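Asks: Below are the structure tokens for one structure; questions will follow.
Read the figures in this text as sums done on the coordinates, not as results from a lab. Keep in mind that what you see is a predicted model, and the values were worked out from it rather than measured. Every residue, glycine as well, gets a Cβ built from its backbone with ideal geometry; the counts of neighbours run over all protein chains shown.
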């Protein structure tokens, strides 16, 4: 994490240090958005787990569907900043669309 924290700070994106664990593409880091799916695998005593980080940006819905369709379950991370939640859950918002897509894919 220290490496990502340093790299993010150098680009003026200090708050993105955790996102950079899975956002590896240069374009993702420069733009501050996930573009393609990324996988992170780990094992517990009982389970093999694969975390799939899928894009949330409107321009990359196809990649989001690709990631979501591979999952057995989903956690939808939503923006809670002032105005962000309201925009996301609005009629044409991405939060609403992603929730519907995840539900549709099972």
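Asks: Contour minus end-to-end for residue 15 and residue 100, with contour as 0.36 nm per residue of separation and end-to-end as the Cα-Cα distance?
Replies: On the way: separation 85, 0.36 × 85 = 30.60 nm, distance 2.85 nm.
Stretched fully, the residue 15-residue 100 segment lengthens by 27.8 nm.
Asks: Using alpha-carbon positions, what is the distance between the centroids of the stretch 50-105 and the stretch 18-35, in Å?
Replies: 17 Å
Asks: Mind telling me which of 93, 56, 83 comes out most flexible in a GNM of the chain, alpha-carbon contacts under 10 Å?
Replies: 83
Asks: May I ask you to sort 10, 28, 5 by Cβ crowding, counting other Cβ atoms within 10 Å and putting the fewest first?
Replies: Details: 10 9, 28 19, 5 15.
Ranked by crowding around the Cβ, least crowded first: 10, 5, 28.
Asks: For the stretch 47-102, calculate the relative contact order in percent as a whole number, restricting contacts to Cα pairs under 8 Å that are 6 or more residues apart.
Replies: 28 percent
Asks: Remind me, relative contact order of the chain in percent, using alpha carbon pairs under 8 angstrom and six or more residues apart? Walk me through the numbers before you get to the answer.
Replies: Details: 111 pairs, mean separation 16.1, N = 106.
With pairs under 8 Å counted, the relative contact order is 15 percent.
Asks: A follow-up question, please. Gain in length, residue 61 to residue 30, computed as 0.36 nm per residue apart minus the alpha-carbon separation, to one decimal in nm? Present the calculation step by step, with values, prior to reporting the outcome.
Replies: Working: separation 31, 0.36 × 31 = 11.16 nm, distance 1.94 nm.
Net length gain for the segment: 9.2 nm.
Asks: Give me the Kirkwood hydrodynamic radius of the stretch 7-66 in Å, from all C-alpha pairs, to one decimal place?
Replies: Working: mean 1/r = 0.0796 Å⁻¹.
That comes to 12.6 Å for the stretch 7-66.
Asks: While we're on this one: Could you give log10 I(q)/I(0) at q = 0.12, 0.14 Å⁻¹ for the stretch 34-106, computed by the Debye formula over C-alpha point scatterers of equal weight, without solvent?
Replies: -0.36, -0.47
Asks: How large is the helix-only mean residue ellipticity at 222 nm for the chain, computed as the sum of -39500 (n - 2.57) over DSSP H runs with n ≥ 4, divided by its residue count, in deg cm²/dmol to the nearest 500?
Replies: Values: 5 runs with 40 residues, N = 106.
The helix contribution divided over the chain gives -10000 deg cm²/dmol.
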